[in-house]
Structure formats: C-alpha cells, structure tokens
1. Rounded, prolate or oblate: which fits the range A:336-456, taking a ≥ b ≥ c as square roots of the Cα gyration tensor eigenvalues, rounded meaning a/c under 1.5, else prolate when a/b beats b/c?
2. Which angle from 0 to 90°, rounded to the nearest 10, does the C-alpha axis of helix A:285-297 make with the longest principal axis of chain A?
3. Using only atoms on other chains, find how many Cβ atoms lie within 10 Å of each Cβ of peptide A:314-324 and report the average.
4. The range B:220-287: D in µm²/s via Stokes-Einstein (Kirkwood Rh, Cα pairs, 20 °C, 1.002 mPa s)?
5. For A:Glu431 and A:Ala234 in the same chain, what is the full-extension length gain: residue separation times 0.36 nm, less their Cα-Cα distance, in nm?
6. Ranked highest first by the average count of other Cβ atoms within 10 Å around their residues, in what order do B:199-212, A:145-158, A:308-321 fall?
7. What quantity of accessible surface, computed with a 1.4 Å probe and excluding non-protein components, is buried in total between chains B and A, in Å² to the nearest 100?
8. What is the dipole size for chain B, taken about its Cα centre, with +1 at each Lys and Arg Cβ and -1 at each Asp and Glu Cβ, in debye to the nearest 20?
Amino acid sequence: MPLSGLDIYKLLPGGQKPPHPKANCKECGFPTCLAFAMKLAAKQAELSACKYVSPEAAARLSDAAAPPIRLITLSANGHKLEVGNETVLHRHEKTFYHPPGLFVRVNDGDGLERVRAVAEQVSRYVVDYVGMPLSLDGLAVAYTSGDPEQYAEAVAAVCKAGKKMLILMAQDVAALRAALAAAAGRTPLIYAATADNWQALAEVAKAARVPLAVRAPDGNLEALANLTAQIAAAGVEDLVLDPGARGFGDSLLALTAIRRLALKQNLRSLGYPVITFPGEGASNSCQEAALAGQHIAKYAGYIVLDHFTPATAYALLVLRTNIYTDPQKPIQVEPGLYPIHNPGPDAPLMVTTNFSITYFSVRNELESSGRPGWLLVADAEGMSVLTAWAAGKFDAERIAKAVKESSAASKVAHRRLIIPGHVAVLMGELEEELPGWTIHVGPREAVDLPGFLKAAW
Amino acid sequence: MPVTIPQTKYAGKVREVTIGATRAEGGTRSRTVTVGGETTLPFLLHEGEMPHPPAVAVEICDRRPADWSPLLYEAWGEAVNDPATWARAAEAAGADLVLLHLTGPVQRADGSTPTAQEARQAVRRVLEATGLPLLVFGPGIADLDNELLVAVAEEAAGERLVLGVCEDKNYRTLVAAALAHGHLVDGRTPMDVNLAKQLMILIRDMGLPLERVLMDPSTGALGYGIEYGYSVMERLRLAALNGDAMTQQPMLVTPGEEAWRLKEAKVGDGGVPAAWGDWAERAITWEVLTATTLLHAGADVVCLRHPASVAEVKAVIARLMAGGKDGK
C-alpha cells in the first residue's frame, strides 16, 4: 500500500508535533517538507536528500516503498530473468510486467545422455512470432540419483548446453553445494525449503546469494506464510512460493489468493513470485499445456514443465507474450509489403493499417482463402482502420506514401490498389495522390475479403 | 500468524440462460443446457456460486465445407458429408450442444448459394439425429443470414435454438425471428465492452427477454488477438458481478473457428518453420489453449471443432469445477 504525500509528510521533520528543529530547512532542495513529501509520493525525489528524518520514519518509508511482490532475479551468462513486482489482478487495470519464466525439468537420475539431449533441445529452441524471437528460459534439474557427484555433472552438462537459467531441485545440502559449484557464474533458484529442512537450505542459499523457493503442503497458505517469515528473519529475503497446489481448481484458488493477499492486504510473507509444476497435475501433455496456460494468465512467476515439445512450447510462448502485452501499447506490425502465398506480379495488392489485430484479421482471411496476394501495411501508428482514418493517420497521403516507400510498384505488373471499405471516401483523393493507379474499394470487414477477391479480381 | 483467504463478495449475478426445449417445453430435445448464474469470477468457487459448468458446443456444417483444415476432415471422416451423421458424431465426441453452421458461397466448393429450403432441411435432419440443444449460425453474409435463419426459426419453432450471429447490422431480423418462434440469439460485437452493452440494450428494447440472449464478445485466437478478447471478457464479467445489468449475460466464444482458420492449424509439416512442431499437436493445442484461456476469462459456451479438443477442454472444465478439491 503506497503512502500518500500527506502520510509521508507526517514522517518528515516538518510534520512532527512539536516541530522538529530542522522543519522546512530547505536542504533537500525543496521549499518545504510538504513539497518534498509530495515529490517523494510521486517518486520524483529520494528520501536520502533529507538528513534529518528519524531512522524509524525512514524504515517505515522504505517499507512502504517496497513493491508488494518482491522482484526476484535469476541470471546466467549475463542474461537476467526478473519476475515479481506485479501490481494488478487483471491486466486491463494496468498491465502485467514480468512474464513468468518457462522451464523444462530434467532428472539427473535419467542419465547424462538424456539430460544433455533435453538441455540442448531446450537451449536451442527459438520461434519467431510477429518478428519477435521467443524462447524458453531455462531448465530445472531435479536430484533423483542420490549421488551428489552425478547431480553436479548433470548441472554442468546443462550449463554447457546453453546460456539458460537454472532451477536446482534438490534438498540435499551436499548435492546443492556441488551443483552450485558446477553452476558458478549463474544465479540459480534453489527448490525447495520445507518446514523440515529450511534452516539448512536457508544457509546454503544465503552463502551462495541465490533465491530460495519455499514449499508448503496442499495449498496451506498459513503454513507457507509462517515459513517464509521464519526464513526471511534468518536472512534470506529473495524467496519464491510453492503453495503445493497441483490441480486446475486448487491452483487457481491458491494463486489468486496469494496475489490478492500480496496486493490488497500487503501481506509481506506472501509477497513473492510463485513457482508451479503443471505436469504434476496433468494426465497428458495437452492438459499440462492447458494448466500452464492457466498459470500464465493467473499469476505464476516460474512454470516448470515436464514435457518439452516444439508445438506446446510455441503455443505457451505466444500465450505468454499475448497476456503480458501492455493493453495501452498494442503490438504493432512493421509497415511494409507482405507477400501471402508466394504472389506473382498479377496478384491483388491490398492496403491496411499496422494495428496488429487489423493486420492479423486481414492476413488470416487471405491465408485461409488460399489465394496469393500482396498485403501493404501502412504506418497508421498502430490504430485500426476506422480509428486511424478518424485520427488522420490513415488518409490518402499516408496510403500513397506507403505505396511509394514500399516495393509494391516493382512487385506488381498492374496498377490497382484495394483499400478497406471503411475508407471508401478516400478513393478520389488517392487517385490524385497516385497518378496512374486505379483504386478499388474492398469490403469493410476482413472476413468478406475472400468473397470479394473471388468476385472482383 | 493467521492467514485468511480473501473472499470478494459481489452484488451482481450473471443471468441463467437455458438452451433447447424438451417435449414438455414445446420442443423435441432430450435435454436442455443451462449456462450462467455465476456470482463470482470464473471457478473461484470458495467465494460464490457457479451453478452450471461452461458448455462445449461442437461445430458441424450443413454440407462438407471447402475451407477446413485437412486435420478436421481426417478426424471426422465421412461424417462431414452429412449433417445428421456429423451431429451424431459430435454427440459421441462429448458435445453438450451442437452448433450447426450453414455454409455460404465462400465455404462451398461449388460456390453455390444455399436456399432457405436447404437450410430448413439441414436443421430438420440435425434435430432428428440428435437430442442435444442446437445453435444455428448463418454463413456470415448479413442478407443471406437473415433469409436462412428466418426460415430456420420457423422450421424449428419452439426448440429454443440459439440463432447467430446477431450483430448490429442484422439484429432486428434475427431478434424478430427469435421472438416469433421461441428461440434465443447470440449477440456478437467486435471486442468492445460498450458495444457489447449497446447491442444487449437494442435486443432487449425489441422485447426479447435477456434470459434468451447470449453475449458474444468475439474471439481472437491465441497469437491473433486473444488478449483483447480475454480482457474485454474479464471487464464484462467484472461489470456484471458489480451490478451492471446490461453485461449480465452468459458469454459465448468461438475458439474452434478462430484457431482452425490459422496457418498454424491449416498448414502441415514442411510448409511452416520447424519450431512450430508437430502439426496435429500444434493445431489441437492451439484450439484447446485458446478455449481454456477464455474459460478463465468467463466464457460460458465454447464452440470447438476437433473431437480431441472437445475431450481435453471437457476434462479441464470438470477439474476446474472441482474447485479446491481438484488436485487433492
């Protein structure tokens, strides 16, 4: 719960009763303590500028300024994976900030060959989505062999396979120490401290300066909160929660409750990212993907999969990108000329805007129609056709500019341009802007494009 | 320290809508399907009611559509050539509802335009083949939809069909047909909270009780705008629970149609990047993940195309409806 300017003022020298001798001293660079408090509330000033604030007040202020869900950072080879720091329950309220890390689990007990093969496959995997390369974040190495040396070898093999993040799933101190040595230079997550072993694991995490996951049984949030409070008091502050829920129903309840408690009740002991294991609650890999999908939409910070296939990885990476897209900043498509189905010089040329959904709607219809075509995407500042037209971002001048700046004229032998039906009014003006071109008014809705092309081209 | 699970209580409630009518109710269905009635966000069963599980509608066509993915022809086999056989196959696949999509010139291999007589016949045959409640959607061309659906409404009078899709350009005709012959409508608007509300008001003002209206906020498939549909649905459902009467309709979405028209679903191995993985696995995962994600945003009816997806989505719904007991 952030403090208001007036709350902060009461903690500064000027807000004390009786007044502090240094009230409104101006040394911070602001005319009064109240003005400084307002700047602090707006996060436009630093508390360190005030030399006279009491230690108790400073502690309260920094506590209030801490995010309700702690930011946890893993690292590997100079890359970082940050999760946490979320501020809302629903993405439309603001946005979701830090996409959950997607990991794949390997067991050291399955043998080095198997571990290496999966690690290489996961490390290499990258898929393009609207020009963005998407990839998985890392591997979770589970200690199933009972041999610390074998575990360290497995971790070393995973490190060698690529530059991915690591989760060390082991509760044996010797195995963890060996694995941490093998993963030197990375910041892995240790999984997981429980009521029985937390002292030993907290010591390991503290010495290695790595975050520690904490597990309580069966969605028991009270047990979980008590455990994290104990571990934080012992000096390990970078924690990750496993509420122990594994199914669709109980996971949704547990993760929703944790997010609400952290945000709405400012419960510090549950103000950490959550780790999930959808494979443990699923009967097959499709169910696992569906449960991982729930965890992407509903509040996970790390998702550890048991099955890796390119098809499910692609779907989950796209879902993660979609859900974590800032609703205020829609994905824009790069303006330019897009070929559909290997079009030739006689294929139709159509223009639309660079709002991603507009582009996708048109592209989908063209693709599903099976007909070749050239899709010219004009820079309309990421707005849909009607909005852009109303805002003057999709007028004759802009469309003509898009035609001239693209290679359209050299790619098609004809001089015919199809414009969206919603901007039929631009036809005359466009013919003036583009001498020698014939303007055709297409359908208003993308869905009618295949029929239009069948009839009119 | 004690931790109390927060429970949000809402003043509003989603309307209950019953699809289909049994003989006693003036139709011929062997059962009806009721959706809606929620007093909480999806599947948060510890703080409110969700009296009916979301329903799965399986989409079939009046004749073999020309533009479906090869994987779907493979899955349904000969059934795609006959709506009655297809309806029985859909029921066998676990459908709660059957969505009969009437094909138009674009979806037909011969480019022919369906007649009202053909539409009547197709609906009659499907009604005879299955006892499940039926949704009937037109080809998506406003004038043609009106012509076909008015005939369908008359042919199936009293069956409490869901007629769709009912949009701002044709709602008058479809709502009038629903009023005259005892049906429901699927009111679709393009991913916008205010437009959705506005259409509900227009439909209500024509006299159709809101207990006979599904709200269809439009679906974007995974990767193709799902986040817009998802957030519009979350906003609509929150508005409904907070008492906005014009948003308190059960929501219908069409993840099957949206997911199966994509390159991801239509183009097989070889024609797409290797990172896209196995074709069938990708296509089915795409449909399932689109559907289950939208269920979490408040979908009450999900329309699907592939029988394997139906099984997966139904399994997910059953587990979500188990609430906190799931996974134990």
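1. Values: a/c = 1.42, a/b = 1.13, b/c = 1.26.
Because its axes are fairly even, with a/c under 1.5, the range A:336-456 counts as rounded.
2. Relative to chain A, helix A:285-297 is tipped by roughly 80 degrees.
3. Values: counts 12, 15, 3, 2, 8, 9, 0, 2, 11, 5, 1.
Average neighbour count from other chains, rounded to a whole number: 6.
4. Details: Rh = 13.7 Å.
Answer, rounded: 156 µm²/s.
5. Working: separation 197, 0.36 × 197 = 70.92 nm, distance 7.45 nm.
Result: 63.5 nm gained on full extension.
6. Numbers: B:199-212: 16.1, A:145-158: 20.9, A:308-321: 23.3.
Ranked from most to least packed, the peptides come out as A:308-321, A:145-158, B:199-212.
7. Working: alone 13340 and 21290 Å², together 29560 Å².
Roughly 5100 Å² of accessible surface disappears when B and A pair.
8. On the way: 31 positive and 42 negative charges, 125 e Å.
My answer is approximately 600 debye.
The values are calculated or read from the model by the stated rules, or taken from the named source; none is laboratory data. As the structure is a computational prediction, the values presented were derived from the model and not from experiment. Using ideal geometry, Cβ is built from the backbone for each residue, glycine included, and neighbour counts are taken over all protein chains shown. Surface accessibility is based on the protein's heavy atoms, side chains included, excluding ligands, DNA and RNA. Shrake-Rupley method; radii C 1.70, N 1.55, O 1.52, S 1.80 Å.
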